[in-house]
1. Here is a list: A:Leu521, A:Leu468. Which entry is touching a Phe, Trp or Tyr at 6+ places or on another chain (Cβ under 6 Å) and not β-branched (Val, Ile, Thr)?
2. Taking only region A:501-530 into account, find how many residues are more than 28 Å from the chain's Cα centre (by Cα) and not acidic (Asp, Glu).
3. I'd like to know if region A:525-533 contains one or more residues that are small (Gly, Ala, Ser), crowded, with 16+ Cβ neighbours inside 10 Å, within 11 Å of DNA strand B (Cβ to nearest atom) and within 30 Å of A:Lys471 (Cα to Cα).
4. Out of region A:507-543, which residues are touching a residue at least 12 places away in the same chain (Cβ under 8 Å) and either in contact with a Pro (Cβ under 6 Å, 6 or more places away or on another chain) or part of a loop (DSSP other than H, G, I, E, B) (or both)?
5. Name the helices (runs of 4 or more DSSP H) wholly inside region A:544-599 in which the number of residues that are in contact with a strand residue (DSSP E or B) (Cβ under 8 Å, 6 or more places away or on another chain) and more than 13 Å from DNA strand B (Cβ to nearest atom) is 3 or more.
6. Given the conditions (1) modelled with pLDDT under 95; (2) under 30 Å from A:Asn307 (Cα atoms), and given that A:Gln498 satisfies all but one, which numbered condition is not satisfied?
7. Out of A:Ile672, A:Ile709, A:Ile663, report the one residue that is assigned to a strand (DSSP E or B) and hydrophobic (A, V, I, L, M, F, W, C).
Amino acid sequence: MRQNKKIKFDEDGEIKEISGRIKTSRYGSFASKSKSTRRDYNHDSKQSSRREDKVVSHKPKTVRLDSEDDQNSDDDENHKLSRSDYLKMQMKARTLLVDRKKLPIYKAKNRLIPRIISSKVSIVIGETGSGKSTQVPQFLMKKVNGGIAVTQPRRVAAINLATRVAEEYGCPLGHEVGYSVRFSNVTSKKTKLRYLTDGMLLREMMLDPMMSKYSTIIVDEAHERTILTDLILGFLKGLILGKRKDDSDFRVIVMSATLDAEKFSQFFENAPIYYIEGRLFPVKRLYLQRSADDIIDDMVKAIIQVNQGERTGDILCFLPGQEDIDKVTSLLEKLAPELPKDAPLMVPLPLYAALPPHQQMKVFEKVKPRQRKVILSTNIAETSVTVPGIRYVIDSGLRKVKVWRHELGLSTLLTVPISKASAAQRTGRAGREAPGKCFRLYREKDYLKLCENTEPEILRSEIVSPVLMLKRLNVDDILGWYWIESPGKESLFSALRQLYSLNALSDSGSITSLGQKMVVLPVAPHLASVLIQAKEYGVLDPVVDIVSCLSVDNLLLTPSSEKRDEINIKRRDTCTLGSRYGDLLMLKELYDIYNGFSDVGECKHWCREIGVSYRGFRNVLRIRKQIASYMENIGGRSTHSQSDINDDIDDIDYSKPVDPSLILKSFLKGFITNSAIGMPDRSYRTVTTGDTISIHPSSLLFGKKVDAILYIEHVYTMKGYARNVSAIELEWLQEVAPHLLGSRISIQND
DNA sequence: CTGCATAAA
């Protein structure tokens, strides 16, 4: 194995040397299998490059994404069409029809649609590019009475599909075809076909369990098996067997991209399965001949090899997390200019969710000729972000996954091998526009050992919120419910216990009026209970601010290692309450400062300096508005609210000092079990199990010693960490939960 | 004493 020898350059760390040797060993480390993942359909046709769900390439058209208000365009007078506009749309629709007719699904239309209409449940398997998400709903529009709902796991997908289908149909978005996602409802009375997120449909179910406005519900991307999709499937089964059993004008269609349709079919009592071919180009798969030892090193080597050995086309690399991505990015930045000039200059581009939006957008920008984009991505590029122009995929075969341990009451973040289905999905990313190649940084025999499918989310998550939803729909027998996959007795009981201790469930196990309020709030039940408690303490306003901050992911950016200390110091200097009381109060302070800016430029500058997301805070404002209005709706006004003095809820008196102890006590009410007591040896022990827990380095309280702490999240990585930590007093614990103490106090006295 | 994958209401 002469070639194999050449790839073993781990011993010398000299970077230049590596590049020199790689040049001669053209994919020596890969065993070519020359198998294509998917069959190849008419890729000689030019038009075939249009794909069903080029989610991101449609982005410029999705103006609505940033629309601020949640206005329902119910007023038909609002969008009177001029005759010429209407004709233009019809013309456009007619030209689009030419392309539509080339989609694989078009051929099956006449056989498929009547069968779907006449059966209660159908399973439609359509691989990427089949056109199922855009075409099946349109075909049904003309044939069925009542509304059609199509659910999507992601907002952008719902918006882009609706935008596309409205064009094809020839109507303005929001007329016959519309969409409904959080903060943006573009539908009207005449809307017949509605694309919505899973979460949106579930909300509708909470409000109208009969789903009376729909005759047809299409659950798309069911193979992803998100918690929300699983819940929808269970509820729909209940509907079909229950209240809408005899409704001949009600049907469910489950759409999936992978071949594991049997499970869905069995779940729905052997519903018929229909297969529609996809339209991906062939992708050649190549495996590493040895097993990878250092994934970062192997990734860098493979990237350089592909860049020097392969023709034009961008490279997409899958790595488990931010840390690996940043390392590879900076290595490539140093290496790229030094490499032989006969290969394109590599432009490394990181891609992960925590990246600020403007940096994420860079993957869509064009590079100069003789340059090649190398995108280093987490799983985000597997489904959520589609980058055009990718011809080569390099797959580490790894991903990070959060696993909830109900028996320990904490979650762990693990790096694990992906499934075969996931490997296929990653591979397919190279075949969207032309034939491609996928370099897998693992051996074929390791590939064969992978699980067929990724474990459904519901099996490894905390399910407090799902169980509360079931209770809202009056499900008595939680264990025997229509779980497509049951999370298990232990996990269910743990959720029931937590809901009970939050007073969301009564002694008999049915939902309480408090639980009814909690289920409609767009936050986890624990936080919902905090909000309700805050109202009683008269600190609703500041707590809504803080909860809104907690609802936005990546509001606090994780700074690069060089800037880390600098930003931490800045945060401590800026937030006096935060330094004393912890991260919850810090969020409140940051929020107030953010709102104090009159100049946008200054505000953005400040955000960068202190390591927070400008866009994130804009989302905080939207969420704050939504939560505040829900809180108004569910309970009337509280008797001794601070805002009594101010009648206008939008006009908060910032001069009034907030009371940190009442704020923190509100949080303690929802997170009693997430508290720990300081030990003499500077460690902390949880009140529930007595396990040691450390304050996460991202916390303002990191390195501080306080009597007791309250934390929003407990994660186990290298060790047990408390994330988002606040300082509390021992008396508060005794006040709120005396039963949890006692034994722990004695440890401290020892 | 030192660091989180993704998505949704």
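The values are calculated or read from the model by the stated rules, or taken from the named source; none is laboratory data. As the structure is a prediction and not an experimental result, all values here were calculated from the model. Glycine gets a Cβ as well: all are built from the backbone with ideal geometry, and neighbour counts include every protein chain shown.
1. After applying the criteria, what remains is A:Leu521.
2. 11
3. Looking for residues that are small (Gly, Ala, Ser), crowded, with 16+ Cβ neighbours inside 10 Å, within 11 Å of DNA strand B (Cβ to nearest atom) and within 30 Å of A:Lys471 (Cα to Cα), one finds at least one in region A:525-533, hence yes.
4. A:Gly509, A:Ser510, A:Met518, A:Leu521, A:Pro522, A:Val523, A:Ala524, A:Gly538, A:Val539
5. Qualifying helices (runs of 4 or more DSSP H): A:583-596.
6. (2)
7. Only one candidate passes the filter, namely A:Ile709.
Conditions (1) within 27 Å of the chain's Cα centre (by Cα); (2) farther than 17 Å from A:Arg440 by Cβ, marked per residue:
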residue	(1), (2)
A:Ile295	yes, no
A:Asp298	no, no
A:Arg311	no, yes
A:Leu349	yes, yes
A:Lys362	yes, yes
A:Lys366	yes, yes
A:Gln371	no, yes
A:Val387	yes, yes
A:Asp395	yes, no
